[in-house]
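The values are calculated or read from the model by the stated rules, or taken from the named source; none is laboratory data. Values in this document were obtained by computation on a predicted structure and should not be read as measured data. We place every Cβ from the backbone using ideal geometry, glycine too, and count neighbours over all the protein chains shown.
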Amino acid sequence: MADWTTVADLGTAAGTLVLAAATFASVRSSNRSARLAERSLQVRLRPLLLPSRLEDPTEKVGFQDEHWVRVEGGHTIAEVGDNAIYLATALRNAGDGLAVLNGWTVWPRVFTGPDQQLPDASAFRRLTRDLYIAAGTLGFWQGTYRDPSDPAFSVVAEVIKARVQFTIDVLYGDGEGGQRTISRFGIIPAGDNGWITAVSHHWFLDRPSPR
């Protein structure tokens with residue numbers, strides 16, 4: 001004769017197990033949907049800076065001491081004065097989100113192959129003001145050395161005067177302060193006074209990099 005109490009207990013246990021499995025599957029599905037939604041949002045916010053094209057309009061860039069320069073498409077301006085070094089690069093935002101530029105560093109050399117190591121963002125110089133480049137539009141980066149006693153001043157000045165290639169790393173993020181990215185630009189002498197800009201690497205600081 002069947003023990004109906006045992007049968008009932010087994011039926012309850014089976015039902016609980018089925019409910020737990022369904023709940024687990026639902027939670028996994030919800031988590032996956034949430035991750036997909038978050039990634040989709042990040043894609044919509046993600047900036048990516050590249051040099052502007054050679055045929056793009058000239059950018060007029062002003063510095064806080066009322067010094068002004070004009071940067072042609074795809075070019076960089078590098079000027080050495082008695083008390084300041086002025087740098088400016090014409091850029092375009094090829095990403096889908098607003099780019100907020102806030103840091104930079106200059107290397108008196110170019111990097112190739114295994115030399116392309118992630119730089120230390122904490123050592124970057126801060127811009128005195130954030131620069132913004134909207135998605136799909138043109139803009140610029142600018143930087144200045146104003147202290148001739150700074151060891152970097154004489155190093156960068158010598159590189160510019162000697163007209164040898166150098167590197168600029170730019171730190172930026174999206175409009176929400178996330179997706180921090182470092183883009184590396186090689187600055188190549190062209191003609192008597194010009195400098196052509198070429199991008200060589202991108203690093204994502206808050207998620208896996210492209211390579």
Handout entry: So Glu158, is it surrounded by fewer than 14 Cβ atoms within 10 Å (Cβ to Cβ), charged (D, E, K, R), under 21 Å from the mean Cα position of the chain (by Cα) and at negative phi
Key = no
Practice task
Quick one: which residue in Gly186, Gly143, Gly177 is surrounded by fewer than 17 Cβ atoms within 10 Å (Cβ to Cβ) and assigned by TED's automatic domain parsing to the domain that holds Gly95?
Solution key: Gly177
Problem - Elements of type strands (runs of 3 or more DSSP E) in the stretch 68-122, at least 1 residues being at pLDDT 95 or above, crowded, with 16+ Cβ neighbours inside 10 Å and touching a His at 6+ places or on another chain (Cβ under 7 Å) - result: 85-93
Problem - Cβ pairs under 6 Å, 6+ apart, first in the stretch 143-156 and basic (Lys, Arg), second in a loop (DSSP other than H, G, I, E, B) - result: Arg146/Ala84
Exercise for the section: State whether one or more residues within the stretch 128-137 are at pLDDT 95 or above, surrounded by fewer than 21 Cβ atoms within 10 Å (Cβ to Cβ), touching an Asp or Glu at 6+ places or on another chain (Cβ under 7 Å) and assigned to a strand (DSSP E or B). Expected result: no
Exercise for the section: Please indicate, with yes or no, whether at least one residue in the stretch 13-26 is at pLDDT below 65, closer than 28 Å to Leu205 by Cα and not assigned by TED's automatic domain parsing to the domain that holds Trp195. Expected result: no
Exercise for the section: Check whether at least one residue in the stretch 165-174 is surrounded by fewer than 17 Cβ atoms within 10 Å (Cβ to Cβ) and either free of Cβ contacts under 8 Å to residues at least 60 places away in the same chain or outside any strand (DSSP E or B) (or both), and report yes or no. Expected result: yes
Problem - Test result for Val156, in a loop (DSSP other than H, G, I, E, B) and either out of contact with any strand residue (DSSP E or B) (no Cβ under 9 Å at 6 or more places or on another chain) or at pLDDT 95 or above (or both) - result: no
